[in-house]
Amino acid sequence: MRALFFLGNIIVWLGVGLLILDNWGIKISALVAGLGIGGVAVALAVQNILGDLFASLSIVFDKPFVIGDAIRVDGDQGNVEHIGLKTTRVKSLTGEQLIFSNSDLLRSRVRNYKRQDERRVVISIGVLYETPAEKLAAIPQILREYLENEKNVRFERAHLMGFGPSSLNYELVYWVTVPDYNYHMDVQQKFMLRVIERFAAEGIEFAYPTQKLFLQSMAAAEGAFDAERTNAAP
């Protein structure tokens, strides 16, 4: 605001000065033309500065975020520390300070995690293909039991989603009704440890990338080749 006030004062006093010179009989047409050219040059020079200035006013009045909010801009994430006339400063999760031009910031897609009321969590779980069918059918209910008894958690669904290269894949979805990230991670860790214990008790094994190699003896292979050649002979 001070910058706008200062710029307005300059324009007013410049106009007053030109009127005084004109009253004294001094031809100011050439001076006005020169000022016009100079004004265009100055306008081009301060275009980005004014863009950032108006962007800062938009941030202040529209409030897409305020100081202290946790935001993500493109691939960067952190807490807003300062909103200035030209730049906004964000303290990243790894400790360094990120400085964004206000105009660039408004043109970006900003995610404000501080205004998140609840958090949706999706977890994938893979089990071995050798798991008996009755145990496969029981897995969704096992997952549901633990989450329905957890405080500040709302269960959504658990299903067998598909056949992976080396696993049968389940997808679990639930909501944590507390937006705090650390609380969400505590709930997830507690749930995963319980699932590991329960699966061990039920004899359900987690899958991991594996390959099976089938070997055939040389004698059997030669016998099969001879039989195929004999059948192919006229």
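The values are calculated or read from the model by the stated rules, or taken from the named source; none is laboratory data. From a predicted model like this one, the values you see are computed outputs, not experimental measurements. A quick note on method: Cβ atoms are made from the backbone with ideal geometry, for glycine too, and the neighbour counts reach across all protein chains shown.
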Residue identified as closer than 23 Å to P209 by Cα and within 24 Å of the chain's Cα centre (by Cα) among I125, I139: I125
Hits in the range 154-200 (condition: of a type in the set (K, R), assigned to a helix (DSSP H, G or I) and either in contact (Cβ under 8 Å) with a residue 60 or more places away in the chain or out of contact with any helix residue (DSSP H, G or I) (no Cβ under 8 Å at 6 or more places or on another chain) (or both)): K190
Considering residues of the range 123-162 that are basic (K, R) and surrounded by 12 or more Cβ atoms within 10 Å (Cβ to Cβ) only, the residue farthest from E205 (Cα to Cα): R154
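Can we say L98 is modelled with pLDDT of 90 or more and either within 18 Å of the chain's Cα centre (by Cα) or surrounded by fewer than 11 Cβ atoms within 10 Å (Cβ to Cβ) (or both)?
So L98 passes the test.
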Elements of type strands (runs of 3 or more DSSP E) contained in the range 55-136, each with 2 or more residues being within 30 Å of Q189 (Cα to Cα), assigned by TED's automatic domain parsing to the domain that holds L172 and touching a residue at least 40 places away in the same chain (Cβ under 8 Å): 119-127
In the range 163-172, the residues that are surrounded by fewer than 16 Cβ atoms within 10 Å (Cβ to Cβ) and more than 28 Å from the chain's Cα centre (by Cα): F163, P165, S166
Top-ranked residue in the range 160-209 [being of a type in the set (V, I, T) and more than 13 Å from V127 (Cβ to Cβ); ranked as modelled with the lowest pLDDT]: V178
